[in-house]
1. Specify the residue that is farthest from Arg51 (Cα to Cα); the eligible residues are those in the range 69-81 that are open to solvent by less than 50 Å² (accessible area, probe 1.4 Å) and free of Cβ contacts under 8 Å to residues at least 60 places away in the same chain.
2. Determine whether the range 93-105 contains at least one residue that is under 16 Å from Ser78 (Cβ atoms), open to solvent by 40 Å² or more (accessible area, probe 1.4 Å) and not charged (D, E, K, R).
3. So if I check each of Ser150, Ser141, which one is open to solvent by 40 Å² or more (accessible area, probe 1.4 Å), of a type in the set (S, T, N, Q) and without any contact (Cβ under 8 Å) to a residue 40 or more places away in the chain?
4. Restricted to the range 106-138, and to residues that are touching a Ser or Thr at 6+ places or on another chain (Cβ under 7 Å) and under 17 Å from Glu41 (Cβ atoms), which residue is surrounded by the fewest Cβ atoms within 10 Å (Cβ to Cβ)?
5. Consider only pairs whose beta carbons are under 7 Å apart and that are at least six residues apart or on different chains; among these, list those whose first residue lies in the range 27-43 and is open to solvent by 20 Å² or more (accessible area, probe 1.4 Å) and whose second residue is of a type in the set (Asp, Glu) and outside any strand (DSSP E or B).
6. Would you point out the residue of the range 123-145, among those that are in contact with a helix residue (DSSP H, G or I) (Cβ under 7 Å, 6 or more places away or on another chain) and closer than 23 Å to Glu24 by Cα, that is modelled with the lowest pLDDT?
Amino acid sequence: VCLFGGTFDPPHIGHLLVAQTIFEAENFDKIVFIPTNITPEKNNVTNIKDRVAMLTMAVTSNPNFEICNMEINRGGISYSIDTIKEYRKEFKLSSNELFYLIGSDSLQNFHLWKEPSKILDNCSVIVALRPGFKPSDISNSILRKVRFASIPRFEIASSTIKDRWKDDKTIRYMVTQPVWEYINDHGIYQ
């Protein structure tokens, strides 16, 4: 099982392509999208109801994907280590049966996360590369314990989508059609 946490604000084609590619490359049983409740490092995040609605629209047509509202149900600030431990306990998984997918941009700040060494002890961290990543910026103690995914890079960022929307430019091919319609109908990024 591979957990894929994030704000998904909005969930975009890059998220879906990376998840599907990782699913195929690693032969996972499933990819579990876990939307954050409150993200420690981001401000101005869209409300959880809208983020979950968009994520549901984006992933439900893929039988390899599911959504877990564990962080929302737990409330408060969402920390990866808490989710990993709770997921392992609930589904009775060993550390080598659980994987956690992050982008290389997140790996840059991984040492600042809550209990990063415990994350590495409780699951296998898989890193999807993003542009500008330099392994030399990461501590060897972390680099030794993560695995880099050999998948194509998909260059779409949620911040770009929001900026394009605010500038009245199309985001049509950056998100799925239902997500695009939801953003439009609900005026999410006005």
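The values are calculated or read from the model by the stated rules, or taken from the named source; none is laboratory data. The structure displayed is predicted, hence computed values, not measured ones. Reconstructed Cβ throughout: ideal geometry from the backbone, glycine too, with neighbour counts over all protein chains shown. Note: areas computed on protein heavy atoms with side chains; ligands, DNA, RNA excluded. Shrake-Rupley method; radii C 1.70, N 1.55, O 1.52, S 1.80 Å.
1. Ile81
2. No; the residues of the range 93-105 include none that is under 16 Å from Ser78 (Cβ atoms), open to solvent by 40 Å² or more (accessible area, probe 1.4 Å) and not charged (D, E, K, R).
3. None of the others qualify; the one that does is Ser141.
4. Checking each candidate, the answer is His111.
5. Short answer, once both residue conditions are applied: Asn37/Glu71.
6. Filtering first and then ranking leaves Arg130.
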